[in-house]
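A.B. asks: What follows is a structure written as structure tokens; I'll ask about it next.
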Amino acid sequence: MIAFSSKEPRDVATYLASLARFCGSGNLVAGWERRPGGNHPDGWGVAWRAGDEIRMVKSGNPAASDPLLSEMNAVTGRFIGHVRYASDPGTVCAANSHPFQALGVTLAHNGTFYGKIGAEGDTRKVSDTVVFLELLENRWMERTLSGLSDTLRRILSEPEIVGKYSAANLLIAAGDALFAFRRYRRNGEYYTLYLKSGDGLAVVASEPLDADPGWRLLADGELVELSQGVPRSVLLTFPA
């Protein structure tokens, strides 16, 4: 996953190239399957702010070889990108690629939810992330950092809703705001999110995009508002 918030509009070409690289050689840990076509070959999607709207392009093809990605161009101050490693290869298609949108909220997710969210996703034959997004959008009344932190804390503290989820690594856009959240219950070495900020730009990514020493790993439970290069963060705690 990759997201950025910038004071000045930026060409997304560098970030698209990083998504293609993640597809081919993205983070995997011991015991995880390596697949033909890349480590995360099961579709990709991007969303970016254009004026007063969010535009989105998604594909079920590997980002590393998809001409649709290589031919894209956009200049924006807000961007979300995601390449997918599907738990069920049979679900690979553009419709199931992240990010997803619901009533003004755009969300990309790494991890898997269970509980009522997972069961509803199975019944409706949609991603568990879609069901989570609909619940988040409905409960998130105050579209601020504090409002989002309270909403995420409540949802993720309800085991009957989310089950023993693997991770809730999230990129969330609403209005002009962009947020990143890292939360894992297992495989913390896989479910990573790194932050780098400065010079009017804040970037988060599943892996550092370059060798700059300014990247730092978000803490488990850390929620960050990516505000034009000056991020603010809070640390959420959950019942043991």
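A.B. asks: Quick one: in region 216-240, of everything that is assigned to a loop (DSSP other than H, G, I, E, B) and in contact with a Leu (Cβ under 7 Å, 6 or more places away or on another chain), which residue is farthest from L170 (Cα to Cα)?
C.D. replies: Out of the qualifying residues, it is G229.
A.B. asks: What single numbered condition from (1) surrounded by fewer than 16 Cβ atoms within 10 Å (Cβ to Cβ); (2) among the polar types (S, T, N, Q); (3) part of a helix (DSSP H, G or I) fails to hold for S149?
C.D. replies: (1)
A.B. asks: Also, I was wondering about something else. Go through (1) closer than 28 Å to G90 by Cα; (2) in contact (Cβ under 8 Å) with a residue 40 or more places away in the chain for S157 and report which single condition fails.
C.D. replies: So S157 meets the others, but not (1).
A.B. asks: I need the full set of residues from region 46-57 which are in contact with a helix residue (DSSP H, G or I) (Cβ under 8 Å, 6 or more places away or on another chain) and either under 19 Å from E207 (Cα atoms) or among the acidic types (D, E) (or both), in order please.
C.D. replies: Scanning region 46-57 gives a single hit, V46.
A.B. asks: Next question. Tally up the residues in region 153-186 that are surrounded by 18 or more Cβ atoms within 10 Å (Cβ to Cβ), touching an Asp or Glu at 6+ places or on another chain (Cβ under 8 Å) and either assigned to a strand (DSSP E or B) or hydrophobic (A, V, I, L, M, F, W, C) (or both), please.
C.D. replies: The total comes to 5.
A.B. asks: Inspect region 174-185 for any residue being over 14 Å from the mean Cα position of the chain (by Cα) and under 15 Å from V204 (Cβ atoms) and give the result as yes or no.
C.D. replies: Yes, because at least one residue in region 174-185 is over 14 Å from the mean Cα position of the chain (by Cα) and under 15 Å from V204 (Cβ atoms).
A.B. asks: For region 22-29, does any single residue satisfy the condition of being closer than 22 Å to L170 by Cα, crowded, with 19+ Cβ neighbours inside 10 Å, modelled with pLDDT of 95 or more and in contact with a Gly (Cβ under 7 Å, 6 or more places away or on another chain)?
C.D. replies: Among the residues of region 22-29, not one is closer than 22 Å to L170 by Cα, crowded, with 19+ Cβ neighbours inside 10 Å, modelled with pLDDT of 95 or more and in contact with a Gly (Cβ under 7 Å, 6 or more places away or on another chain), which makes the answer no.
A.B. asks: Here's something else I'd like to know. Among the residues of region 191-215 satisfying the criterion of being free of Cβ contacts under 8 Å to residues at least 40 places away in the same chain and assigned to a loop (DSSP other than H, G, I, E, B), which is farthest from G111 (Cα to Cα)?
C.D. replies: D199
A.B. asks: Of all residues in region 99-126, count the ones that are within 25 Å of E225 (Cβ to Cβ), touching a strand residue (DSSP E or B) at 6+ places or on another chain (Cβ under 9 Å) and free of Cβ contacts under 8 Å to residues at least 60 places away in the same chain.
C.D. replies: Residues meeting the conditions: 2.
A.B. asks: Just give me the residues in region 75-123 being among the hydroxyl-bearing types (S, T, Y) and either within 10 Å of the chain's Cα centre (by Cα) or part of a loop (DSSP other than H, G, I, E, B) (or both), in sequence order.
C.D. replies: Result: Y85, S87, S97, T106, T112, Y114.
A.B. asks: Scan region 176-187 and tell me whether some residue there is out of contact with any Cys (no Cβ under 8 Å at 6 or more places or on another chain) and without any contact (Cβ under 8 Å) to a residue 40 or more places away in the chain.
C.D. replies: Yes, region 176-187 contains at least one residue that is out of contact with any Cys (no Cβ under 8 Å at 6 or more places or on another chain) and without any contact (Cβ under 8 Å) to a residue 40 or more places away in the chain.
The values are calculated or read from the model by the stated rules, or taken from the named source; none is laboratory data. None of the values given here were measured: they were computed from a predicted structure. Every residue, glycine among them, receives a Cβ derived from its backbone with ideal geometry; neighbour counts consider all protein chains shown.
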